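Asker: Below is one structure. I have some questions about it.
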Amino acid sequence: MTERKIRVLVAKPGLDGHDRGAKVVARALRDAGMEVIYTGLRQTPEMIAEAALQEDVDAVGLSILSGAHMALVPRVLELLKANGQQGVKVFLGGIIPDEDLPRLKEIGVTGVYGPGASTDDIVADIRASIPLVA
Amino acid sequence: MNSSLAQAVLAGDRLALARLLSRVENDTAEGRAALDELFPLTGRAHLIGVTGAPGTGKSSLVNQLAVFFRQQGQKVAIIAVDPSSPFTGGAVLGDRVRMKDLQGDAGVFIRSMASRGSLGGLATATAQMAQVFDAAGFEIVIIETVGAGQSEVDIARLAHTTLVVEAPGLGDDIQAIKAGILEIADILVINKADRPGVESTERALKSMLELAHPVQRIFLHHGQMMTLAGEEPTAGLWIPPICKTVAPDGSGLPELVQAIEKHADYLRQSGDWIRRDRARLEAEFDLLLQETLVAQFRAHLTESRLQSAIASIHSRQASPREVLAKLLEEMPR
Ligand SMILES: Nc1nc2c(ncn2[C@@H]2O[C@H](COP(=O)(O)OP(=O)(O)O)[C@@H](O)[C@H]2O)c(=O)[nH]1
Ligand SMILES: [Mg+2]
């Protein structure tokens, strides 16, 4: 029983602008000792699920600023499940209205973070959600 | 006993493949058992190493190479290695960003890998992950590494064909070309050929190639990497060609693919393909032998016995060799 590295896919689905927030989170996870697979801008849910599968990640972090989260996130979860990766934890960052939170939790999103969230909290939540013994 | 993971991989289950790669990377018992089972199916893939300084365009080139091999109907696996942070052990692996053209193609499998600090361990893990892809039926396995001395050499030992990627403007007379690079390069690539300074980069590479006298170069090449006891160096010479490419638009890619295929033909015709394979397996076996014997030895040696042995060396009562001989005598047979 050895402690193994946590692997996290950080992706930016949708067509909106920049990936500064995603990069900040990616670096914070790296600094917390995790292995981050960074896929860049304009990822479709299909691309994200495919990358999550090939990389055998423990978690997927999505950064969505466009407001399209209620369309994109359920689709990502659906595809992960279809691929047999229902155990992968999904985290969401962006501008998410409070009224969407219950539905997001219901479909299986583990954590949601607004623009002011501390990266320490994100790191702690990811750690807590993943069993570390291989 | 058959491992269900290995069987699922052979049946084309991509999630099983991804999971087995993790088990192998983490060197788990399950991973080892599956490797044992898959081993008879290895030795078929063409392993291509791509190495060079950060930012020279390796990932962009790998993307284009894979597109070419896909057009020929070959299945392509990519292992993209990036360094782990020496301070935190974490890593940001960003090579997929440049490999967008390969998404949605079931004939391609891209796996990012962090170097995790240990050089020997990286070479072993990479070799074993390549074996998994090989057994799973990927005809081409491309391994991208950031060129940093020893890892270049390790990759060359693993790969059939090693591409060393340079780019103009990395500094006067290519500071990136370090000692030893000519011994491992089967093909030299000057990427970013759309940038100024291509001619001087090419001139510097050519003069270095000429400096290394061909016969001696090849001898060194084999002497370092693939001599088998009592065997003569291969007949015929392979002079590393220089290919100029612009990865984003694909210029020079057909010529590069041709050079890779020519090198594979050369390896097969000269007998080097078989020789390299055997030398690589011999080196891997040697490593395994050392690891296993050391582990066995340590398992039978209590910490207190080890400390008393060290103490007698430290006080100069006995030499290290004498103490070791004594410890070996004490080992159960
Ligand atoms: N001008 C130019 N830029 C290139 C070329 N190949 C790659 N790049 C760019 O160089 C940067 C680094 O490329 P990447 O493939 O990630 O390099 P790597 O670090 O060696 O894997 C990216 O911004 C690429 O778009 C090229 O042939 N010409
Ligand atoms: Mg790269």
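Asker: I'd like the residue in region B:63-99 that is more than 14 Å from B:GLY250 (Cβ to Cβ) and away from every other protein chain (no Cβ under 14 Å) and, out of all such residues, is surrounded by the most Cβ atoms within 10 Å (Cβ to Cβ).
Answerer: B:GLN74
Asker: Give me the helices (runs of 4 or more DSSP H) completely within region B:1-103, filtered to those with at least 2 residues that are over 30 Å from B:VAL246 (Cβ atoms), ordered by residue number. Break it down stepwise before answering.
Answerer: Details: elements: B:4-10, B:14-25, B:29-38, B:58-71.
So the answer is B:4-10, B:14-25, B:29-38.
Asker: Is it the case that B:GLN64 is without any contact (Cβ under 8 Å) to a residue 12 or more places away in the chain and either under 29 Å from B:VAL257 (Cβ atoms) or not assigned by TED's automatic domain parsing to the domain that holds B:ILE143 (or both)?
Answerer: Values: without any contact (Cβ under 8 Å) to a residue 12 or more places away in the chain: no; either under 29 Å from B:VAL257 (Cβ atoms) or not assigned by TED's automatic domain parsing to the domain that holds B:ILE143 (or both): yes.
No; evaluated as a whole, the condition is false for this residue.
Asker: All but one of (1) farther than 20 Å from A:THR39 by Cβ; (2) within 12 Å of chain A (Cβ to nearest Cβ); (3) buried (at least 23 other Cβ atoms within 10 Å of the Cβ) hold for B:ARG111; state the number of the condition that does not hold.
Answerer: All conditions pass for B:ARG111, except number (1).
Asker: Looking at B:PHE39, is it away from ligand 2 (no atom under 16 Å from the Cβ), within 15 Å of B:PHE138 (Cβ to Cβ) and of a type in the set (Phe, Trp, Tyr)?
Answerer: Working: away from ligand 2 (no atom under 16 Å from the Cβ): yes; within 15 Å of B:PHE138 (Cβ to Cβ): no; of a type in the set (Phe, Trp, Tyr): yes.
It is false that B:PHE39 is away from ligand 2 (no atom under 16 Å from the Cβ), within 15 Å of B:PHE138 (Cβ to Cβ) and of a type in the set (Phe, Trp, Tyr).
Asker: State which residue pairs qualify: first residue more than 7 Å from chain B (Cβ to nearest Cβ) and inside region A:25-37, second residue part of a helix (DSSP H, G or I) and surrounded by fewer than 20 Cβ atoms within 10 Å (Cβ to Cβ) in any location, beta carbons under 6 Å apart, and separation of 6 or more residues or different chains.
Answerer: A:ALA28/A:THR119
Asker: Determine whether A:LYS5 is in a helix (DSSP H, G or I), modelled with pLDDT under 95 and open to solvent by 10 Å² or more (accessible area, probe 1.4 Å). Quick ask: steps written out before the conclusion?
Answerer: Values: in a helix (DSSP H, G or I): no; modelled with pLDDT under 95: yes; open to solvent by 10 Å² or more (accessible area, probe 1.4 Å): yes.
No: the conditions fail for A:LYS5.
Asker: Among the residues in region B:54-62, are any open to solvent by 50 Å² or more (accessible area, probe 1.4 Å), away from chain A (no Cβ under 14 Å) and polar (S, T, N, Q)?
Answerer: To start, the set of residues in region B:54-62 that are open to solvent by 50 Å² or more (accessible area, probe 1.4 Å) comprises B:54-55.
Add one more test, that the residue is away from chain A (no Cβ under 14 Å), and what stays is B:54-55.
Then keep just the ones that are polar (S, T, N, Q); that gives none.
Looking for residues that are open to solvent by 50 Å² or more (accessible area, probe 1.4 Å), away from chain A (no Cβ under 14 Å) and polar (S, T, N, Q), one finds none in region B:54-62, hence no.
Asker: Same structure again: Checking B:VAL246 against (1) of a type outside the set (Asp, Glu); (2) open to solvent by less than 80 Å² (accessible area, probe 1.4 Å); (3) not assigned by TED's automatic domain parsing to the domain that holds B:VAL189, which single condition isn't satisfied?
Answerer: Against the list (1) of a type outside the set (Asp, Glu); (2) open to solvent by less than 80 Å² (accessible area, probe 1.4 Å); (3) not assigned by TED's automatic domain parsing to the domain that holds B:VAL189, B:VAL246 comes up short only on (3).
Asker: Right, another one. Scan region B:34-53 residue by residue and report those that are among the small types (Gly, Ala, Ser) and either open to solvent by 10 Å² or more (accessible area, probe 1.4 Å) or within 30 Å of B:ALA259 (Cα to Cα) (or both).
Answerer: Taking region B:34-53 and keeping what is among the small types (Gly, Ala, Ser), we get B:34, B:43, B:45, B:49, B:52-53.
Selection gives B:GLY43, B:ALA45, B:GLY49, B:GLY52, B:ALA53.
Asker: Same structure again: Which one of these does B:LEU102 not meet: (1) closer than 16 Å to A:TYR38 by Cα; (2) surrounded by fewer than 18 Cβ atoms within 10 Å (Cβ to Cβ); (3) more than 9 Å from chain A (Cβ to nearest Cβ)?
Answerer: So B:LEU102 meets the others, but not (2).
Asker: Assuming B:GLY31 fulfils every condition listed in (1) open to solvent by less than 10 Å² (accessible area, probe 1.4 Å); (2) more than 16 Å from ligand 1 (Cβ to nearest atom); (3) assigned by TED's automatic domain parsing to the domain that holds B:GLY147; (4) not aliphatic (A, V, I, L, M) apart from one, which condition is it?
Answerer: So B:GLY31 meets the others, but not (3).
Asker: Just to be sure I understand, how many residues within region A:45-103 are without any contact (Cβ under 8 Å) to a residue 60 or more places away in the chain, within 14 Å of another protein chain (Cβ to nearest Cβ) and not small (Gly, Ala, Ser)?
Answerer: Residues in region A:45-103 being without any contact (Cβ under 8 Å) to a residue 60 or more places away in the chain, within 14 Å of another protein chain (Cβ to nearest Cβ) and not small (Gly, Ala, Ser): 18 in total.
Asker: Residues in region A:1-24 that are facing chain B (nearest Cβ under 9 Å), over 24 Å from A:ALA71 (Cβ atoms) and charged (D, E, K, R): how many?
Answerer: The number of residues fulfilling the criteria is 3.
Asker: What do you reckon, is B:GLN317 open to solvent by 100 Å² or more (accessible area, probe 1.4 Å) and part of a helix (DSSP H, G or I)?
Answerer: Numbers: open to solvent by 100 Å² or more (accessible area, probe 1.4 Å): yes; part of a helix (DSSP H, G or I): no.
Here the answer is no, as B:GLN317 does not meet what is asked.
Asker: Only residues that are part of a helix (DSSP H, G or I) and at pLDDT 95 or above: list them for region B:104-140, please.
Answerer: Of everything in region B:104-140, those that are part of a helix (DSSP H, G or I) and at pLDDT 95 or above turn out to be B:MET129, B:ALA130, B:GLN131, B:VAL132, B:PHE133, B:ASP134, B:ALA135.
Asker: While we're looking at this one, here's another question. Quick check on this structure: which one of A:ALA51, A:ALA26, A:ALA82, A:ALA22 is of a type in the set (Gly, Ala, Ser) and open to solvent by 60 Å² or more (accessible area, probe 1.4 Å)?
Answerer: Working: A:ALA51 fails: open to solvent by 60 Å² or more (accessible area, probe 1.4 Å); A:ALA26 fails: open to solvent by 60 Å² or more (accessible area, probe 1.4 Å); A:ALA22 fails: open to solvent by 60 Å² or more (accessible area, probe 1.4 Å).
Only one candidate passes the filter, namely A:ALA82.
The values are calculated or read from the model by the stated rules, or taken from the named source; none is laboratory data. Since the structure is predicted, the reported quantities are computational estimates derived from the model, not experimental observations. Note that each Cβ is placed from the backbone with ideal geometry, even for glycine, and that neighbours are counted across all protein chains shown. For the accessible areas, the whole protein counts, side chains as well, though only heavy atoms, and no ligand, DNA or RNA atoms are used. Shrake-Rupley method; radii C 1.70, N 1.55, O 1.52, S 1.80 Å.
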